Amino acid sequence: MRRLLSLLLLLAPAVLYADPVMAPEPLSYTQLPDPAAEARAQALMQTIRCVVCQGQSIADSDADLAGDMRAIIRQRIAAGETPEAIRAWMVMRYGRWVSYKPPLDPVTWPLWAAPVVLVAVGLLVARGTLRRRRRA
C-alpha cells in the first residue's frame, strides 16, 4: 500500500503538466486582412457548434479545438471556398450535430415540423376550451 501511495505521489506533478504545449493556430485569434472575407468567416463561425463546449458556437468558445476550427474556416475562406462548402466539410468531419442550421431532409424534418404541429395542437385546444366556456 505504501508503494502504491508513493507511486501516486510521484506521478501527481505530471498532471500539472498536462496542458497543451502547442501554440494556437495563427488564425485562431487573428482576423483576416480582408474585411468582407472576415465577415463571411464570422457569420459561418456563429453557426458552427463547438464540439467541446457543446453549448457555444466556435466564435464564442475558448476551447483549443474551437480555435483550430476557427483557423480552418479562416484559411478556407481566404483560399476562396464558400461558407456552405466549408459547412458541408465540417458536418462531414464532425457530424451533423456540429451545425446550428440543420438541413431539411428525412432525418431532420421532425425538428422543422414540431413547432408547427405544437402550435396547431395549441390552437385546437384553445378553440375547444373557448367553445366549452361559451356553452356554459
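At a glance:
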quantity	calculated
Inter-residue pairs, beta-carbon under 8 Å, first in contact (Cβ under 8 Å) with a residue 40 or more places away in the chain and in the stretch 95-124, second of a type outside the set (A, V, I, L, M, F, W, C) and in a helix (DSSP H, G or I), 6+ apart	Ser99/Arg87; Lys101/Arg87
So Asp62, is it touching a Cys at 6+ places or on another chain (Cβ under 9 Å) and either exposed (fewer than 10 other Cβ atoms within 10 Å of the Cβ) or at pLDDT below 95 (or both)	yes
Residue in the stretch 67-86 that is surrounded by the fewest Cβ atoms within 10 Å (Cβ to Cβ), counting only those that are acidic (Asp, Glu) and assigned to a helix (DSSP H, G or I)	Glu84
Given (1) free of Cβ contacts under 8 Å to residues at least 12 places away in the same chain; (2) not in a helix (DSSP H, G or I), number of the condition Leu32 does not satisfy	(1)
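The values are calculated or read from the model by the stated rules, or taken from the named source; none is laboratory data. All values derive from a computational prediction rather than experimental measurement. Counting neighbours? That spans all protein chains shown, and the Cβs are built from the backbone with ideal geometry, glycine included.
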